[in-house]
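The values are calculated or read from the model by the stated rules, or taken from the named source; none is laboratory data. What you are looking at is a predicted structure, and each value in this text was computed from that prediction instead of being measured. So basically every Cβ, Gly included, is an ideal-geometry build from the backbone, and we count neighbours across all protein chains shown.
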Amino acid sequence: MKQKVLVMDDDPAILEVLEMRLATMGFDVTATSDPRKALEAVEAGRFDLALLDLRMEPLDGMRVMEALHERQPRLPVLIMTAHGTIQTAVEAVRRGAYDYLTKPFVRDELRSKIARTLATRRWARDRERLLTVGQALASSGVMARVLDAVAQATVEATDADRCVVFQLDDGRLVPMASAGSPPPSWERLEAAATTAMDKGMPITTSGSLEQGESGTIVAAPLVVQRGPAGALVIETAARLEPMEDDLEILALFSSQAAIAIRNTLDLERLRSGAVAALGRMATQVAHEIKNPLAGLRLYVRHLEQRLARTGDADARDLAGKIATTVDHLASVVSEITAFGRPPELHRQATALHPLLDECLELASARRPTDGLEIVRAFDPMMPRAQLDARELRKAFLNLILNALEALEGGGRLTIATAYSAATGSVTVTIEDTGPGMTEETLARAFDLFFTTKPDGTGLGMSIARSVINLHAGEITVSSRLGHGTKVQARLPLEPVSDSARL
């Protein structure tokens, strides 16, 4: 595909010579003496280079350059000027031009400066790609953040209107990250992603943008181990036809998105094995601690009774504090034992809303809710689901307690439910307007024994995820400092067989 050059000069002879020489050099040339037509040309299509005469009416080359950069920010511009106006041309370089050419042109100067400009432009784009990819992979390691960075970098590098990263989840494509403007048609992007995954290679297809414009959709599959796990899709405006450079960029970023997904899958497998081993060890340790704690609890109660008879109030108060500490240790041991031995689910038709109300009441008994706004946004179409109410009570209680603890200074707690007949699932959302989490804390939210609370065990979120996973569901957490935290648990209405989960 030929590189496109825009030439603007009010001297017909120079315009004709430039058009001929540039065409001989292999460029697709658009030549005009009208500044308005030059702007219309850039609005209608993308150019690789612009050569602009400095002295023109009614718009000079510098003003045209600034108008061009509003439409195509990274378009390299060479300013053409007579010897007497070189100082003005230097000012144009300071204001965004790449370089200037003096008239009449010195032998080979035109060719050398154009070659250097295009080479520098390509180097800058390659440098941008490497920088953005490196920043994405060196980020927190959380897949969602890496995919967000990849999507944003793809839009910036290709000048696309939008980019969406799709991941294959249970046989359906789910948008995991996006950048740019919202798509007018998700179906077209999904169709392109599906085609790219089926073919196992990048594909290009015509799209349909707002107001009847015909754009272009390019999709590249994300190949992970045994096959495609999703696709990276961009959509461009009608005037921006993707070039070979854009396809190379798309292939580069799709490989990085695939690496992010593969690393996450590998990490999950490693984490599952480590957690299972740690759970077995924790269970054995808890068993060894449980009996001595029970004995210590009994001795403290005897001590309290004796001190009550002697009337030593201070000593009795001290014994009460020891008893409270022992009770806390016993509850930690119980949580460790429960985590180390995932229970067998006992499913029955369960109404979620009364269960959530009960969890909220239990949490309120432990954490005062005075001054807090409690919002229940329950879906009235919510059906009963085949769930283990006893196990889910533990999970939702932990999540609500976490939210209440985050709202100690006041705020709003929202508990919402949503039923999806299409997917046969229910979603429970627990959201607070608390201080939110740092990226590091969010990345470790489900880590065993990780906690930011002075008296926390670091087991609540792990237990909640374990219970949701046992129900063949999924749990996600999103949070930002100063913007609160949202936890969403999606559960299937009916039990999912092992074969269907693979």
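From Thr205, Thr236, Thr216, grab the single residue that is of a type outside the set (Gly, Ala, Ser), modelled with pLDDT of 80 or more, over 25 Å from the mean Cα position of the chain (by Cα) and closer than 21 Å to Arg46 by Cα. Exactly one of Thr205, Thr236, Thr216 is of a type outside the set (Gly, Ala, Ser), modelled with pLDDT of 80 or more, over 25 Å from the mean Cα position of the chain (by Cα) and closer than 21 Å to Arg46 by Cα, namely Thr205. Across the stretch 90-104, which residue is modelled with the lowest pLDDT among those that are out of contact with any helix residue (DSSP H, G or I) (no Cβ under 9 Å at 6 or more places or on another chain) and surrounded by 12 or more Cβ atoms within 10 Å (Cβ to Cβ)? So the residue we want is Val90. Entry remark, the stretch 361-386: residues being assigned to a strand (DSSP E or B), touching a helix residue (DSSP H, G or I) at 6+ places or on another chain (Cβ under 8 Å) and either without any contact (Cβ under 8 Å) to a residue 12 or more places away in the chain or of a type in the set (Gly, Ala, Ser) (or both) number 1 in total. Any residue at all in the stretch 414-426 that's surrounded by fewer than 22 Cβ atoms within 10 Å (Cβ to Cβ), of a type in the set (Phe, Trp, Tyr) and in the same structural domain as Glu358 (by TED's automatic domain parsing)? Yes, the conditions are met somewhere in the stretch 414-426.
Restricting the stretch 154-173 to residues that are free of Cβ contacts under 8 Å to residues at least 24 places away in the same chain and part of a strand (DSSP E or B), the residue that is farthest from Gly473 (Cα to Cα) is Arg172.
Could you please let me know if Ala50 is under 44 Å from the mean Cα position of the chain (by Cα), outside any loop (DSSP other than H, G, I, E, B), more than 18 Å from Pro104 (Cβ to Cβ) and without any contact (Cβ under 8 Å) to a residue 40 or more places away in the chain?
no
Being surrounded by 15 or more Cβ atoms within 10 Å (Cβ to Cβ), outside any helix (DSSP H, G or I), out of contact with any helix residue (DSSP H, G or I) (no Cβ under 8 Å at 6 or more places or on another chain) and touching a residue at least 24 places away in the same chain (Cβ under 8 Å) is not true of Arg55.
Give the residues of the stretch 152-189 that are aromatic (Phe, Trp, Tyr) and over 18 Å from Leu252 (Cα atoms), sorted by residue number.
Correct list: Trp186 only.
Out of the residues in the stretch 61-83 that are within 21 Å of Leu110 (Cα to Cα) and of a type outside the set (A, V, I, L, M, F, W, C), state the one that is nearest to the chain's Cα centre (by Cα). Of everything passing the filter in the stretch 61-83, Arg74 is nearest to the chain's Cα centre (by Cα).
With respect to the conditions (1) under 36 Å from the mean Cα position of the chain (by Cα); (2) farther than 22 Å from Thr158 by Cα; (3) of a type outside the set (Asp, Glu), Val42 falls short on a single one, namely (2). Summed over the stretch 11-47, the residues that are of a type in the set (D, E, K, R) and assigned to a helix (DSSP H, G or I) give a count of 7. No other residue among Thr158, Thr194 is buried (at least 17 other Cβ atoms within 10 Å of the Cβ) and modelled with pLDDT of 85 or more apart from Thr194.
Just one of the numbered conditions (1) surrounded by fewer than 22 Cβ atoms within 10 Å (Cβ to Cβ); (2) aromatic (Phe, Trp, Tyr); (3) closer than 16 Å to Ala229 by Cα is not true of Phe166: (1).
Would a scan of the stretch 387-394 turn up a residue that is assigned to a loop (DSSP other than H, G, I, E, B), within 23 Å of Glu358 (Cβ to Cβ) and in contact with a His (Cβ under 9 Å, 6 or more places away or on another chain)? Within the stretch 387-394, one or more residues are assigned to a loop (DSSP other than H, G, I, E, B), within 23 Å of Glu358 (Cβ to Cβ) and in contact with a His (Cβ under 9 Å, 6 or more places away or on another chain). Criterion applied to Ala315, Ala377 was being surrounded by 14 or more Cβ atoms within 10 Å (Cβ to Cβ), at pLDDT 80 or above and farther than 26 Å from Pro495 by Cβ, and the one residue passing it is Ala315.
Out of all the residues in the stretch 344-360, which are outside any helix (DSSP H, G or I) and touching a residue at least 12 places away in the same chain (Cβ under 8 Å)? Listed by number, the residues that qualify are Leu345, His346, Arg347, Gln348, Ala349, Thr350, Ala351. When the stretch 395-437 is limited to residues that are under 24 Å from the mean Cα position of the chain (by Cα) and assigned to a loop (DSSP other than H, G, I, E, B), the one that is nearest to Leu491 (Cα to Cα) turns out to be Thr423.
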